[in-house]
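Heads up, the thing below is written out as structure tokens.
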Amino acid sequence: MIDLRLLREDPDRVRASQRARGEDVALVDALLSADERRRSSGVRFDELRNEQKGLGKLIGKASGDEKAELLKKAGQLAADVKAADAERDAADAETQELLLKLGNLVHPDVPVGGEEDFATLETHGTIRDFGAEGFEPKDHLELGQILGAIDVERGAKVSGSRFYFLTGVGALLELALVNAAMAQATAAGFTPMLTPALVRPQSMAGTGFLGQAAQDVYHLASDDLYLVGTSEVPLAAYHMDEILDAAKLPLRYAGFSPCFRREAGSHGKDTRGIFRVHQFDKVEMFSYVAPEDSQAEHQRLLEWEKQWLTSLELPFRVIDVASGDLGASASRKFDCEAWIPTQGKYRELTSTSDCTEFQSRRLSIRVREGKTVRPLATLNGTLCAVPRTIVAILENHQQADGSVRVPEVLRPYLGGREVLEPVAK
């Protein structure tokens, strides 16, 4: 959540952020009104309580008719205090409810607009000319079937649409990707983490995934637990309700977990293959830093993502995501999109978001510097979303006979294998 003091001091900035997101600007005024009621009712409660305490002292010294009159007044005052207390609690609850609906403040450099209004920052690698090489590229699903690596038919039989099996070299390729990604993250100073896939409501809400993203979340009603869509959630909640030592920052974690997403609203999109699925594995980077260091850390996370995609020998571009396409927690987000030959376009493979103090305020995570205690900043960055990375590797490194060249960085994790060969039929 944002700082209420900032809302009071510069409401126009918050209105502009809401407008850039395409969200309800009226929420800002409703929140200002609720906050004013919360503060005024709090003052009223304190005044009445002080009056009540003073009256109690007078009653102790009074007698006769004077005492009876004071006791009558005390009865009315007690009712007034109770009413003021209820009014204060109601105003506070309304303020908190509205505050949780408000997205993070959009960074001023973020391009304004919808999904297609991003700004391209960089382009890396060379897109292959398959025509010049003399063959038509196959898509990842056809290649996966040739290699005996992907089985979506049995995935659908067992679990429904958008589920799949990785088999043979497909399973080995996932393990190679995860191990290589973790090796890079560990070398960069991240602490490897295996995280829970089920979290409590406060963990999911605290990271901002029960607002606009709630429709994509799986909820186990009988247990009141949520399946995570990313290990960002347990990594953010890992230090919930804690005060961290400033001397220990930055704290960097690399989490591996299964991820579950309903993909609500994606009907008809990417229905072929494993690009958009309900369950997948991912390696996620997560950082806790001082707020003034968040922008520099954001660039570092982006550089680690670029290093990873470059090591996989994939052509990709970096985009500055437009304001209307930001998640509620993100102040700014960079995506790395790999070229997918059979689609003829770049598609998102990794993403990194600067969430500033938004999540730490919701999760009550603070940092102590001397005598000062204040919220810190959190950032996240996908290092390897496995299925999409497999899609990009198969399509970009395919050869005319249906085999796939293995990027050098993965070979040590595939027993030195340089090529994934078609399986005999």
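The values are calculated or read from the model by the stated rules, or taken from the named source; none is laboratory data. Bear in mind that the values here come from a model prediction, so they are computed numbers and not experimental data. Glycine also receives a Cβ, built like all others from the backbone with ideal geometry; neighbour counts cover every protein chain displayed.
Annotations
- Residue list for region 114-144, filter: buried (at least 16 other Cβ atoms within 10 Å of the Cβ) and part of a loop (DSSP other than H, G, I, E, B): Phe118, Gly125, Arg128, Pro137, Lys138, Asp139
- Within region 1-44, the residues that satisfy the criterion of being of a type in the set (Gly, Ala, Ser) and over 24 Å from Ala377 (Cβ atoms) are Gly22, Ala26, Ala30, Ser33, Ala34, Ser40, Ser41, Gly42.
- Within region 145-167, if we keep just the residues that are part of a loop (DSSP other than H, G, I, E, B) and over 32 Å from the mean Cα position of the chain (by Cα), the residue that is surrounded by the most Cβ atoms within 10 Å (Cβ to Cβ) turns out to be Leu147.
- Exactly one residue among Asn104, Asn50 is within 48 Å of the chain's Cα centre (by Cα), among the polar types (S, T, N, Q) and at pLDDT below 85, and that residue is Asn50.
- Number of residues in region 88-128 that are without any contact (Cβ under 8 Å) to a residue 12 or more places away in the chain and either outside the structural domain of Ala34 (by TED's automatic domain parsing) or of a type in the set (D, E, K, R) (or both) equals 3.
- Residue check, Ala400 part of a loop (DSSP other than H, G, I, E, B), modelled with pLDDT of 95 or more, under 20 Å from Gly144 (Cβ atoms) and among the small types (Gly, Ala, Ser): yes
- Filtered by the rule that a residue be surrounded by 20 or more Cβ atoms within 10 Å (Cβ to Cβ) and either not acidic (Asp, Glu) or not assigned by TED's automatic domain parsing to the domain that holds Ser287 (or both), region 316-326 gives Phe316, Val318, Ile319, Val321, Ala322, Ser323, Leu326.
- Subset tally (residues that are more than 17 Å from Asp325 (Cβ to Cβ) and surrounded by 18 or more Cβ atoms within 10 Å (Cβ to Cβ)) for region 17-30: 1
- Only a single criterion out of (1) outside any helix (DSSP H, G or I); (2) farther than 24 Å from Asp335 by Cβ is not satisfied by Val110, namely (2).
Quick grid of which residues meet (1) part of a loop (DSSP other than H, G, I, E, B); (2) touching a strand residue (DSSP E or B) at 6+ places or on another chain (Cβ under 7 Å); (3) in the same structural domain as Thr389 (by TED's automatic domain parsing); (4) without any contact (Cβ under 8 Å) to a residue 40 or more places away in the chain:
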{"site": "Leu172", "(1), (2), (3), (4)": "no, no, yes, no"}
{"site": "Leu175", "(1), (2), (3), (4)": "no, no, yes, no"}
{"site": "Ala180", "(1), (2), (3), (4)": "no, no, yes, no"}
{"site": "Ala183", "(1), (2), (3), (4)": "no, no, yes, yes"}
{"site": "Thr186", "(1), (2), (3), (4)": "no, yes, yes, no"}
{"site": "Gly189", "(1), (2), (3), (4)": "yes, yes, yes, no"}
{"site": "Pro192", "(1), (2), (3), (4)": "no, yes, yes, no"}
{"site": "Met204", "(1), (2), (3), (4)": "no, yes, yes, yes"}
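- Some residue of region 58-65 being modelled with pLDDT of 85 or more, loosely packed, with under 13 Cβ neighbours inside 10 Å and either part of a helix (DSSP H, G or I) or at positive phi (or both): no
- Of the residues examined, Phe316 is not one that is within 20 Å of the chain's Cα centre (by Cα) and of a type in the set (Phe, Trp, Tyr).
- Listed by first and then second residue, the pairs linking a residue in region 403-425 that is assigned by TED's automatic domain parsing to the domain that holds Ala392 to a residue that is in a loop (DSSP other than H, G, I, E, B) and exposed (fewer than 14 other Cβ atoms within 10 Å of the Cβ), with Cβ atoms under 6 Å apart and 6 or more places separating them unless they lie on different chains, are Val406/Glu418.
- Matching residues in region 346-373 - criterion: being basic (Lys, Arg) and either in contact (Cβ under 8 Å) with a residue 24 or more places away in the chain or closer than 17 Å to Thr389 by Cβ (or both): Arg347, Arg361, Arg362, Arg366, Arg368
- Any hit, region 382-397, residues being free of Cβ contacts under 8 Å to residues at least 40 places away in the same chain, over 30 Å from Ser294 (Cα atoms) and assigned to a loop (DSSP other than H, G, I, E, B): no
- Residue within region 367-374 that is of a type in the set (Lys, Arg) and under 25 Å from Ser257 (Cα atoms) present: no
- Only one entry in Glu263, Glu313 is of a type outside the set (Phe, Trp, Tyr), at pLDDT below 95, on the phi > 0 side of the Ramachandran plot and in the same structural domain as Leu121 (by TED's automatic domain parsing), namely Glu263.
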